[in-house]
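Asker: Structure incoming, see below.
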Amino acid sequence: MSPQAPLSLGAAPPRTMPGAGLLAISALAGAVLLAWPIVFQGSFLVYIATLVMQFSIGACSLQLIIRTGHISMSHQAFVGIGGYTSVILVMKAGWAWHFALLAAIAAPALAGAVIGPILLRLTGKYFVLVTFLFGEIVRLVFIDWQSMTGGSNGIFEIPKPYPWMNDPTAYYYVSLGFAVACVGFCIRLMRSEIGRAIDAMREGPNLTECAGVPVFRIKVVMFIIACGLSGVMGSLNAHMNNVITPGNYGPMESLNLVVMNVLGGMTNMAGAIIGAVFLIALPELLRGYVEWQRVFYGIILIVVMASMPGGMVELLARLRSRLTGREAHLASAVAAEGRT
Amino acid sequence: MSTGGAPLLAVEGLSMTFGALKAVQDLSFTVHDGEILGIIGPNGAGKTTAVNAISGTFKPTAGRVTFDGHLVTGFAPHRLAELGLVRTYQATTVYGTQTVRENCRRGAFLHLYPGFFDALISSAKARAMRAAVEKEIDRLLDWLGLAQFADTEARNLPYGVQKTLGMAIAMAARPRLIMLDEPVAGLSAEETDHVRDTIKRIRASGISAIVIDHNMRFISGLCDRVLVIHHGQELAIGTPAEVMSHPDVIEAYLGKGHAAATAKANHAAPGH
Ligand SMILES: Nc1ncnc2c1ncn2[C@@H]1O[C@H](COP(=O)(O)OP(=O)(O)OP(=O)(O)O)[C@@H](O)[C@H]1O
Ligand SMILES: [Mg+2]
């Protein structure tokens, strides 16, 4: 709609107070999340769910950047910086994990503070391209800085944060706790006046700047916060996997986080989580068909992007409005869009 | 505060060049508290560029801009907005997918934002600011005749109403000086009169304005003084009557056919 918008990421979700329906869904989701490792004790599904928690942190923090109108292809690089920082401090410097975690937040945040103001001057495809290159550079640093990172073989035998976290159930709950905290922070942030300004500046940057919003400063601050949060995923993930290798942090892995957001409609934290569930669970379900994975992946992406610019959240909204007979309202909105 | 006779906005020797093109050359003018200054000129005269160079969209190549006693040359738009200088755009710019009310909230950022942590925890301060702005927006919408559209998405509004919404967004920032770039372009005569009355009421509430337009009738019925720009330069400045009887203006607008001048000056269509 606005001719100045650099990206057509779809409109901001309406700012409504959570209704009774949403509260009910949240309560149900909470119960499922708490019961999950008990129900599936000893199963691979606990590990999968733990991965989803960690990727939810990555996807939601990336959305903080995406919402400002910049699709970053280097987010996984910051996840990696967090991961390596945590692992190196625990294994080589003997830090307790909770201190290493703080450093794992600070290090990517600092990297973001240095590189963000440079990258964020670019918009649209140029930002995508340059962050892609930056992601690749970081990956190469992980490979070449042998003495620190162990080169392309990475670092092995990473201990769990605490001995009691050797239990997958314990690891699940810790990851759940951090995911709730990080995602909750992102949701709160986007529902605040800052979030309003962020959605506004994506849809009309000039107009928003004229309202007194320091557009560039907000972009930089969001970038730094997002990078810092990504470090939480990096640390949790590396210590769970026992091994950290550069291959996990290249641009293609960053694309994964972007796709989670695309699937979720780009402007909705719940969407990013649904995207994470989908992209983590799908490859696991298709384990026997490795060569088909990418095909499915591609088909689903194309279908979602072509038919539902609002992502799966839009799909759910459509289903809901159909169920509650609000289709007429939606149809008129769609018709109105066609007119403009 | 501007004291005594000091102007609210003072522009001195403003120039803006794009490569070899001198889009604005050595413009100087002032706007006083409560004054409406019209800027008029043919297509490509440099009106929008002048506003862009004042409002921080572009950094001027040369010149000084003083607002309310502050030297603000080349300030970013958001800093000017903080000082009370807000502009609208020539193209209708609203947030299409948002309701009219949400559009106004976005315009009111300066009065809604309580600081990072207050915003994050939705503190008492944040809530108080929100409540105050909601009241303010109610009044603003009433005032501009937008109340009936409060919950309508901007893209579903008629064109004329979208233009008014553009002004509402700017007004929500509570400016001291508002710069309107062609607020009546494409509007019917009736809608134009409505916008003129609205701008007069804005001024009556103590806000100064710079209004750009082609429509001489609209400008002369609204402005205290008019600046005529031609090829980026000042052609004339003065009251509407003075400007319209200025020989250079008549010539620039109507060629040598002076006889036609008085007939057509009422509704000049520059550039054609
Ligand atoms: N960003 C830019 N880069 C290069 N040239 C520009 C730029 N902006 C404006 N110009 C040129 O500067 C001149 C003045 O343009 P401007 O838009 O200020 O005119 P205007 O008086 O607002 O015209 P209109 O009545 O059509 O809105 C034109 O020749 C235009 O092509
Ligand atoms: Mg113009």
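Asker: Of the residues A:Ile71, A:Ile57, A:Ile66, A:Ile81, only one is modelled with pLDDT under 95, within 28 Å of A:Glu284 (Cβ to Cβ) and in a helix (DSSP H, G or I); which?
Answerer: A:Ile66
Asker: Here are some conditions: (1) within 9 Å of ligand 1 (Cβ to nearest atom); (2) under 27 Å from B:Arg201 (Cβ atoms); (3) not hydroxyl-bearing (Ser, Thr, Tyr). B:His32 meets all but one. Which one does it not meet?
Answerer: Exception for B:His32: condition (1).
Asker: Additional query: Is it the case that B:Thr49 is assigned to a strand (DSSP E or B) and either farther than 20 Å from B:Tyr89 by Cα or at pLDDT 90 or above (or both)?
Answerer: When the stated conditions are applied, B:Thr49 does not pass them.
Asker: Sticking with this structure for a sec: How many residues does segment B:109-120 hold that are within 8 Å of another protein chain (Cβ to nearest Cβ) and out of contact with any Lys or Arg (no Cβ under 7 Å at 6 or more places or on another chain)?
Answerer: Total meeting the criteria: 5.
Asker: For segment A:229-255, enumerate the residues that are out of contact with any Lys or Arg (no Cβ under 9 Å at 6 or more places or on another chain), buried (at least 24 other Cβ atoms within 10 Å of the Cβ) and part of a helix (DSSP H, G or I).
Answerer: A:Leu229, A:Ser230, A:Gly231, A:Val232, A:Met233, A:Gly234, A:Ser235, A:Leu236, A:Asn237, A:Ala238, A:Ser254
Here is a yes/no grid of residues against (1) over 30 Å from B:Gly107 (Cα atoms); (2) buried (at least 23 other Cβ atoms within 10 Å of the Cβ); (3) β-branched (Val, Ile, Thr); (4) modelled with pLDDT of 90 or more:
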position: A:Ile218; (1), (2), (3), (4): no, no, yes, yes
position: A:Pro283; (1), (2), (3), (4): yes, no, no, no
position: A:Gln293; (1), (2), (3), (4): yes, no, no, no
position: A:Pro309; (1), (2), (3), (4): no, no, no, no
position: A:Leu315; (1), (2), (3), (4): yes, no, no, no
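Asker: Among the residues of segment B:58-77, is any more than 30 Å from A:Val183 (Cβ to Cβ), away from ligand 1 (no atom under 16 Å from the Cβ), under 21 Å from the mean Cα position of the chain (by Cα) and assigned to a helix (DSSP H, G or I)?
Answerer: There is no residue in segment B:58-77 that is more than 30 Å from A:Val183 (Cβ to Cβ), away from ligand 1 (no atom under 16 Å from the Cβ), under 21 Å from the mean Cα position of the chain (by Cα) and assigned to a helix (DSSP H, G or I).
Asker: Hey, among the residues in segment B:182-205 that are over 16 Å from the mean Cα position of the chain (by Cα) and within 16 Å of ligand 1 (Cβ to nearest atom), which one's surrounded by the fewest Cβ atoms within 10 Å (Cβ to Cβ)?
Answerer: Step by step, filter segment B:182-205, then rank; the result is B:Gly186.
Asker: If you go through segment B:22-57 one residue at a time, how many are within 12 Å of ligand 2 (Cβ to nearest atom) and more than 14 Å from chain A (Cβ to nearest Cβ)?
Answerer: Residues meeting the conditions: 13.
Asker: Restricting attention to segment B:35-56, which residues are more than 6 Å from ligand 1 (Cβ to nearest atom) and in contact with a helix residue (DSSP H, G or I) (Cβ under 9 Å, 6 or more places away or on another chain)?
Answerer: B:Glu35, B:Ile36, B:Gly38, B:Ile39, B:Ile40, B:Pro42, B:Ile54, B:Ser55, B:Gly56
Asker: From the list A:Phe216, A:Phe156, A:Phe178, A:Phe132, exactly one residue is among the aromatic types (Phe, Trp, Tyr) and within 14 Å of chain B (Cβ to nearest Cβ). Which is it?
Answerer: Of the residues listed, the single one that is among the aromatic types (Phe, Trp, Tyr) and within 14 Å of chain B (Cβ to nearest Cβ) is A:Phe216.
Asker: Looking only at residues in segment B:1-21 that are within 12 Å of ligand 1 (Cβ to nearest atom) and not in a strand (DSSP E or B), which one is farthest from the other protein chains (Cβ to nearest Cβ)?
Answerer: B:Ala20
Asker: Those residues that are on the phi > 0 side of the Ramachandran plot and either facing another protein chain (nearest Cβ under 8 Å) or in contact (Cβ under 8 Å) with a residue 24 or more places away in the chain (or both), I need them from segment B:68-108; list them, please.
Answerer: B:Asp68, B:Gly69, B:Gly84
Asker: Looking at segment B:109-151, which of the residues that are in contact (Cβ under 8 Å) with a residue 40 or more places away in the chain, buried (at least 18 other Cβ atoms within 10 Å of the Cβ) and not in a helix (DSSP H, G or I) is farthest from the chain's Cα centre (by Cα)?
Answerer: B:Leu146
Each row is one residue, and each column tells you yes or no for (1) of a type outside the set (D, E, K, R); (2) in a loop (DSSP other than H, G, I, E, B).
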residue	(1), (2)
B:Val161	yes, no
B:Leu165	yes, no
B:Gly186	yes, yes
B:Glu191	no, no
B:Arg196	no, no
B:Lys200	no, no
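Asker: If I ask for residues that are surrounded by fewer than 18 Cβ atoms within 10 Å (Cβ to Cβ) and either among the charged types (D, E, K, R) or away from ligand 2 (no atom under 16 Å from the Cβ) (or both), which ones from segment B:58-67 would you list?
Answerer: Within segment B:58-67, B:Lys59, B:Thr61, B:Ala62, B:Arg64 qualify.
Asker: Specify which of the listed residues (B:Met179, B:Met129, B:Met171) is within 16 Å of ligand 1 (Cβ to nearest atom) and within 12 Å of chain A (Cβ to nearest Cβ).
Answerer: Only one candidate passes the filter, namely B:Met179.
Asker: Any idea which of A:Ala113, A:Ala109 is surrounded by fewer than 17 Cβ atoms within 10 Å (Cβ to Cβ) and at pLDDT 95 or above?
Answerer: Just a single option satisfies the conditions, and that option is A:Ala113.
The values are calculated or read from the model by the stated rules, or taken from the named source; none is laboratory data. Worth saying up front: this structure is predicted, and the values here are computed from it rather than measured. Reconstructed Cβ throughout: ideal geometry from the backbone, glycine too, with neighbour counts over all protein chains shown.
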